[in-house]
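Here is the structure we will look at, set down as structure tokens.
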Amino acid sequence: MLRRWGSSLRQLAWLLPIFLVAALARPDATASEELDTQAQSRLTRGRMLVISSGCGDCHGGFDNPAAPGWLQGMRDTVLQQFIIPTPMGTFKTRPRNLTPDNTTGLGRFSERQIFNALRFGLRPGETPDVEITSTTPGQGNFPANPKFLAPPMPWPAFRHKPDQDLRDIAFYLKNGLKPVSNQVPDSEGPPDFWVGLYGQFIGPATPPAFPTTNEKPPQ
């Protein structure tokens with residue numbers, strides 16, 4: 001009897017490290033699964049926002065992520081450039097490559113730089129990777145000499161989206177697309193000071209509270 005108990009204890013002692021490893025590993029696995037689920041949720045939401053916001057209408061693929069050229073930027077230098085008449089002359093703008101290619105796309109920019117482009121209209125390649133808390137040049141990390149995205153990029157409309165929506169769009173562009181090399185020529189956008197004035201005239205970043213004089217609450 002004693003010999004059998006001794007044998008059983010030795011077997012349990014041999015199995016104990018395995019049980020401990022499994023017990024300790026499971027929380028990590030669960031945390032990893034939760035992170036994967038969260039990332040997938042953000043990719044799905046960011047993808048939906050990109051499609052519904054019409055990003056592909058200019059940057060390629062329209063509303064079909066399976067289409068050739070999806071978000072890869074201008075390829076036809078005649079048909080895909082935009083001619084913008086302004087009081088200061090006519091300018092040509094060209095949709096950029098939004099895939100995470102490090103050289104020709106968004107790969108070299110952080111998600112926060114992409115967020116700042118969508119929220120404040122600031123060119124990510126010429127704006128530091130910092131949190132911006134103001135819309136006044138020189139205050140709250142807003143560049144003293146801002147470099148703005150040229151029209152027709154609709155950042156004045158994008159800036160009304162919730163922060164999380166813009167972060168999910170940036171997350172999708174950085175993590176949900178295959179990088180594609182497509183060097184788009186620089187745009188001939190209006191001068192930055194002109195675009196800055198355009199940004200000031202379009203109204204406050206936060207819309208007035210509901211309801212205004214033109215709206216009514218549910219009856």
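Computed from the coordinates by the stated procedures, all read-outs in this text should not be read as laboratory data. Just so you know, these numbers come straight off a predicted model, no measurement behind them. As a convention, Cβ positions derive from the backbone with ideal geometry for all residues, glycine included, and neighbour counts pool all protein chains shown.
If you wrap the Cα atoms of the range 93-156 in a convex hull and average its projected area over all directions, you get 4.2 nm². Near residue 64, once Lys and Arg are set to +1 and Asp and Glu to -1 for all other residues with Cβ below 13 Å from its Cβ, the sum equals -1. Between residue 148 and 123, the built amide H atoms are under 5 Å apart, and every one of these is 5 or more places off in sequence or on another chain.
Under the simplified labelling scheme, the residue 131-residue 43 pair shows an inter-label distance of 2.8 nm, with each label point 7 Å from Cα along Cα→Cβ.
Proximity of backbone amide H atoms, modeled 1.01 Å from N, is registered between residue 61 and 71 at under 5 Å, excluding neighbours fewer than 5 places apart on the same chain.
Taking a quarter of the surface of the convex hull around the Cα atoms of the range 97-198, what do you get in nm²?
6.2
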